[in-house]
Structures are given as C-alpha cells and as structure tokens.
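J.: Encoded as structure tokens, here's the structure I'll be asking about.
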Amino acid sequence: MTNTLAQQPGNPAASLAQSTPAPAAPALSVVIPVYNEEAGLAQLFARLYPSLDALGISYEIVFVNDGSRDRSAAILREQFARRPEVTRVVLFNANAGQHLAILAGFEYCRGERIITLDADLQNPPEEIGNLLTAMDAGSDYVGTIRRARQDSAWRRYASRAMNRLREKITSIKMTDQGCMMRAYSRPIIDAINQCREVNTFIPALAYTFAGNPTEIEIAHEERAAGTTKYSLYRLIRLNFDLVTGFSVLPLQVFSLVGFVVSGMSLVFVLILAWRRIFVGPEAEGVFTLFGIAFFLIGLALMGIGLLGEYVGRIYQQVRSRPRYVVQAVLEQSGRAPAAPRVTESR
C-alpha cells in the first residue's frame, strides 16, 4: 500500500510506476467527486461497497477530493487504508469544480465500464446494477432520470425550462441534465480524455460521442447530510457552459435579430424623416424615442455579453493553464495508470 504522489516530468518514481506492469483492468469503475462531504461519507461507504460487492464483478472506486475544506480528505485516506484493493483516491490541492473532478477521475479509472456518482447519496448506489443492465442491452452511454425528484419546486421548474432550451439549441437530448449518475463505456471515456476543454458539460460531451445512448429512471433521495454545492449562480454558469460549449446558435440567432432590428430602425427613421418634411417639427413622441433608444442599447449590451461568453471561453482555452493540479494519488503498490499521463498539466 503506497501513497503515489502526482507524477511530474523527470520524477524517478513516476518512471518506476510506468515501468511496473498494471494489473488487469476491472470490469467497473465508479468515479465519485467529493467536496466538503465529511458528514455523509460514512453512510456512502456503508451502502456503496456492499452494493458493488453484491454485483459479483471486479470493480474499483475512484474518489476525487475536490479541495475539500473539511475532513473529507482525511476520511478518504482512512477508507483507502481499509479497502486499498478496490479504492483509489485522487487529491486536488484546490477546488476545481465537479466536472473537472470527474474528468480527473476519468483519467485515473481503468474499468471497462465507468459510472459517475455523487457523494451526497441523492442517487442510491443500489441503482448501479440497473445502469449495468441497460449497458448489457447494447447501450454505450446510459443517462438517468430522477424518479420522484426530491428537490425544491423552483429547481424542478428551472431544470425543465433549461432542458427544453438546451435541446432546441444543441440538439442534445437529455431528459434530466442535473442527474450525474450515468454510465459510460470505455471508448467514450477514452474520447472524453482526449478533449482538453476548460469549460464543458460531461454528459453532453458523452452524448455527442455515443453510438447508442439511452436513458433509464432511477430513484432519488434527499441528501444524506450537508447542503447542496450548487448555488443559483453556479447553476446559471453551468447552463452557459452547456449552451455555449456545444452550439453557436445563440450567436446566429442574435445576428438575425440584429438584422431585423436594423431593418425596422431604418423604416422608422424614414417615417420620421417623411413626417419632418411634410408635417413639420413635432414635440410628441420624445419618450417613445427614448424607449426605443434604451431598447436598442440594451439589445446591444446583451449581444456584447453573449459574444463575451464565447470570447472568454476562447481566452481560457488558449492560456493552456492546468485545469486542475493533483496533490497526491492514493493507490496500491504496483498499480499504475492505464496509459501514460502527465496529470499536472490537466
């Protein structure tokens, strides 16, 4: 049992790890991002490991500690000491966000099938077998729909509205984009690992690579402990990533609106010019002109903001900064990543 530090160029330990033959890949990898979940981790362990043991297949669990500020990292270390043969722990040195934590888990997992699961137990680990059954039927990507969703009303309504908008803009069909319990085949994970996007939405990215995607219903429970990590602002940012990361339709629509408004403005100016010539100076309509001017200014500012979203993502991408920095990886002796990786550059 060893504590394998993040691999660095020129590190003799990294070279030794790569020269050690990796064990056979497990049938299943479960990737779990963890951020400030110390209150619920014990319940997660108590339900997760028995559920996977009952499947009767080889598996591994990859926990990614996303820079937690509580005792989550320490608890994960203790769990690794208890079940090192099936447990791997990736420790970030700072919070990078749920999706980047999942991407790091994808980099380190070795299973032929991969399932993502939140640590808050809102999606029961007992549902993992149902996702595998759907994959046995021939699907390479299995999305999920929360049955009897245990969320506030405004979050359910907002989610439905964003689902409809996203599907119209991106043509990506996900009934429940907020449920992160999903199953992926190894080819899809390999394709995702080749992407180097700073801002992305993993389920949508997987959907674009899938040849036979499907969705199933799963149970949904209240959080075992703690509070949600997704504020209203973070949910809005996530949907911006989803829309702007998979479609340029918003820019095209706004360009069309600009042409229409420009044409209407030209007609309005011609009407005002005609009245000036044939009717004479008029004092009426000043507030109407102010209203129209404010509308056009607001429209222009909205367009600048939309363009800024795309430019900002290009700016973040071309800087080529690390998406996350791995502080340490806890894994058994002799175990190496499935393929050579430079983890500090992600």
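The values are calculated or read from the model by the stated rules, or taken from the named source; none is laboratory data. Nothing here was measured: the structure is a model prediction, and the numbers come from that model. We place every Cβ from the backbone using ideal geometry, glycine too, and count neighbours over all the protein chains shown.
J.: What are the residues in segment 220-239 that are at pLDDT 70 or above and either of a type in the set (S, T, N, Q) or surrounded by 15 or more Cβ atoms within 10 Å (Cβ to Cβ) (or both), if any?
T.: Scanning segment 220-239 gives a single hit, H220.
J.: Can you say whether P124 is more than 17 Å from R186 (Cα to Cα) and free of Cβ contacts under 8 Å to residues at least 60 places away in the same chain, as far as the supplied structure shows?
T.: Here the answer is no, as P124 does not meet what is asked.
J.: Go through A22, A73, A14 for me and flag whichever is surrounded by 16 or more Cβ atoms within 10 Å (Cβ to Cβ) and at pLDDT below 95.
T.: Exactly one residue qualifies, and that residue is A14.
J.: Taking segment 242-267 only, how many residues are under 22 Å from Q316 (Cβ atoms) and modelled with pLDDT of 75 or more?
T.: Number of matching residues: 3.
J.: Between residues in segment 296-323 that are more than 18 Å from V260 (Cβ to Cβ) and among the charged types (D, E, K, R) and residues that are at pLDDT 80 or above and assigned to a helix (DSSP H, G or I), which pairs lie under 7 Å by C-beta distance while being six or more apart or on different chains?
T.: Qualifying pairs under 7 Å: R323/L100.
J.: Do you know which of the residues in segment 86-98 that are more than 12 Å from V34 (Cα to Cα) and at pLDDT 95 or above is surrounded by the most Cβ atoms within 10 Å (Cβ to Cβ)?
T.: Top of the filtered list is R88.
J.: Quick one: what pairs do we get from segment 88-102, first residue touching a residue at least 60 places away in the same chain (Cβ under 8 Å) and in a strand (DSSP E or B), second aromatic (F, W, Y) and surrounded by 21 or more Cβ atoms within 10 Å (Cβ to Cβ), C-beta under 6 Å, 6+ apart or different chains?
T.: V89/F63; V90/Y108; F92/Y324
J.: If you scan segment 134-172, which residues turn out to be at pLDDT below 70 and either outside the structural domain of A219 (by TED's automatic domain parsing) or touching a His at 6+ places or on another chain (Cβ under 6 Å) (or both)?
T.: R149, Q150
J.: Does V86 satisfy the condition of being aliphatic (A, V, I, L, M) and within 12 Å of V30 (Cα to Cα)?
T.: Criteria met by V86.
One line per residue, one yes/no per condition, for (1) within 50 Å of the chain's Cα centre (by Cα); (2) modelled with pLDDT of 80 or more:
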site	(1), (2)
V269	yes, no
R275	no, no
A283	no, no
L289	yes, no
F294	yes, no
I297	yes, yes
